[in-house]
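Please treat every number below as a calculation from the coordinates, not as lab data. Nothing here was measured: the structure is a model prediction, and the numbers come from that model. Positions of Cβ are backbone-derived with ideal geometry, glycine not excepted, and every protein chain shown enters the neighbour counts.
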């Protein structure tokens, strides 16, 4: 490894999935894993194998497909966790086991109910046991930033002696400030023997909005691995955002002379993919990937941009994969041009059958709209990605709405059998959802129904997000259409299809929730 190389350790599929409502299906995790390998992520924490059968299967399947990115699984200092971690990762030629235990007095007393010496014994056990399976062992002292400095140094030294090759320092509850975090990392380098023989890593949470700042402070102090997530998703206020860290290093290379393996032109596509899968919209003013990140409305700013883009842009939209040619595609565009556009938008591995299906839908959309924006194509394609796995599919929908009442006539294909019904409700959307429930009986709690326009204008595609819950299992559905009611039906059906998969694969995971 080069002296100034920063290892990007992505934990979107593990810590990111712990965001309430962000649970992902196996197929979605595989899709994200492939995209992240293409992005250039070095280490991918694919899940917490002992948490559930669903997590185990996801880590297992991902470990089979990654060829350049190293798969990693999380494990507590428990034999069963470590065994499950190995069993899920063993398909890969090179994998990492990441094990952790709390080290702050607060956590040891109330969470673990163990003494400092007992924790040291568990560090020895977990690291040495993991070392039987792989030479690549990462160890984390949970709640490190609230751990007594002398004891933190002692635990880190102990883990290194036992064979850990990466030492991660988690700001588990987002408590630290940049000066705090930098001091902690420097203290470890100054006081712990042989720390220069391992990679020191950062893992910073965003509870005070300082996740990225703390990660960069850790790098300045000598850390050479950063644990982060796309869009900064994660427990509570989330994690340090991968895109912000990478672009901060790239843009301010004069102050941070480091490099990563990230292909920054793939950032925007990965950001949109994660947003689509989780149903978490990206805030408009989000750094790097937000809709307004490269928008200029102020007259003074626009004047400066016309004269020289560098007056108000410190990086180019193209550098993070934001395509500026919004109005290139239309109803006269051909299949080849459409395929090229898909590749430009971050879909390089679309098979020919999928391209044909999406191209037909694109043509239908182009007949309805004057202008087809890049965002329209992304919404159209994302809506189709999981179609092959669907148990329920929308065949037709006809809605009557107005002051005299609302009713929806809906036809579904369920397990290959078509059936239809007509339902009335408190509004057109309620009528649609009642119709779906009539044809596919279920008992779920609708937690979120949200609509936003993908593009501008009265002919804009509407993207609808639906979050449902059943017995603790949460499923998010999303769909786009120029007809908001059609999008609503598709989003609800999408959520139900994902829930059907979760019924088969996912076990309750509350006991295993970890904020490392």
Note down the nm distance, to one decimal, between modelled labels 7 Å out along Cα→Cβ at residue 343 and at residue 3.
4.0
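Report, in cubic angstrom per residue, the convex hull volume of the C-alpha atoms of region 7-286.
117
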If I stretch the segment between residue 79 and residue 284 completely, what's the gain in nm (0.36 nm per residue apart, minus their alpha carbon distance), one decimal?
69.3 nm
Considering only DSSP beta bridges whose two residues both sit in the chain, what percent are antiparallel, to the nearest 5?
50
Tell me, in nm to one decimal, what length is gained between residue 401 and residue 422 on full extension, where the rule is 0.36 nm per residue of separation less the Cα-Cα distance?
6.2 nm
Within 10 Å, count the other beta carbons around each residue, average over each peptide in 221-232, 93-104, and list them highest first.
221-232, 93-104
The chain: relative contact order in percent, alpha carbon pairs under 8 Å with at least 6 residues between
13
With a point put 7 Å past each Cα toward its Cβ, work out how far residue 291 is from residue 470 in nm, to one decimal.
3.2
Region 166-269 shape via C-alpha gyration tensor axes, a/c threshold 1.5:
oblate
Taking Cα atoms, how many degrees apart are the long axis of helix 242-251 and the longest axis of the chain, rounded to 10 and kept between 0 and 90?
70
For region 109-166, the convex hull over Cα atoms projects on average to an area in nm² of 3.9
Nearest-ten-degree value, helix 335-344 long axis tilted from longest Cα axis of the chain
30
Distance between Cα centroids, region 146-168 to region 39-113: provide it in whole Å.
19
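Could you tell me the calculated FRET efficiency between residue 121 and residue 180, based on Cβ-Cβ distance and R0 = 25 angstrom, to the nearest 0.05?
0.30
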Run the simple label-point estimate for residue 352 and residue 148 please: 7 Å along Cα→C-beta, distance reported in nm.
6.9
Can you give the FRET efficiency to the nearest 0.05 for residue 445 and residue 236, using r as the Cβ-Cβ distance and R₀ = 30 Å?
0.85
Looking at the calculated P(r) for the chain, what percent of the C-alpha pair distances fall above 29 Å?
54
So the angle from the long Cα axis of helix 428-439 to the longest Cα principal axis of the chain, reported in degrees to the nearest 10, equals 80
Region 387-505: percent of C-alpha pairs farther apart than 16 Å?
60
Residue 254 to residue 411: extension gain in nm, 0.36 nm per residue of separation minus the Cα-Cα distance?
50.5 nm
